[in-house]
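To start, the structure under review is shown below, and the notes come after it.
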Amino acid sequence: MQLVSANRTLRTSSLLLNVFYCFTLITKTKMHNQQYQACIDACLKCASICNHCASACLQEEDVKMMVKCIQLDIQCAIVCNAAGQLMSFGGEHASHLCSECAEVCDACAAECEKHAQHGMEHCKECAEACRHCAEECRRMAA
């Protein structure tokens, strides 16, 4: 009888410890979300706009001229999504990824700005989103 009671107490203690651990992770993640929310929002918005830009570039008459832009749009969207997710989770390597994200965003913005000068509105919008995201990522990584 004492063994059964001790076993129940051990299971209950283990369950309470797991609940406490999960609560701690959720609380920590929520704090990270609040602290980095502007950067998370910028990254996710940038990823969405980069995907749209890549799709719009594929509809241009001279798609060959847009290859570098499309490639950078896709790379930027991937990195921005990853950075946003890592920050949302409270990942300890988020600042490293945000530094890289800022570099990719700068490269994408520079390429999109070339096409924006020729009236491609989707590239103009993408360049603006990339510049804003790079700024937020640098602020977060600092």
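Each Lys or Arg adds one and each Asp or Glu takes one away; over the other residues whose Cβ falls under 13 Å from the Cβ of residue 102, this sums to -2.
With the convex hull built on the Cα atoms of region 36-141, state its orientation-averaged projected area in nm². Don't jump to the answer; show the numbers that get you there.
Working: hull surface 21.6 nm².
The Cα convex hull of region 36-141, projected and averaged over all directions, gives 5.4 nm².
Placing +1 on the Cβ of every Lys and Arg and -1 on the Cβ of every Asp and Glu, with nothing else charged, gives region 36-141 a dipole about its Cα centre of roughly 120 debye. When region 34-142 is described by a simple charge dipole with +1 on each Lys and Arg Cβ and -1 on each Asp and Glu Cβ, the residue from 39, 65, 87 located farthest towards its positive end is 87. Positive contributions from Lys and Arg (+1) and negative ones from Asp and Glu (-1), summed over other residues with Cβ under 13 Å from the Cβ of residue 58, come out at -3.
Readers should treat all values here as calculations from the given coordinates under stated rules, not as data from a laboratory. From a predicted model like this one, the values you see are computed outputs, not experimental measurements. In this analysis, Cβ positions are derived from the backbone assuming ideal geometry, glycine residues included, and neighbour counts consider all displayed protein chains.
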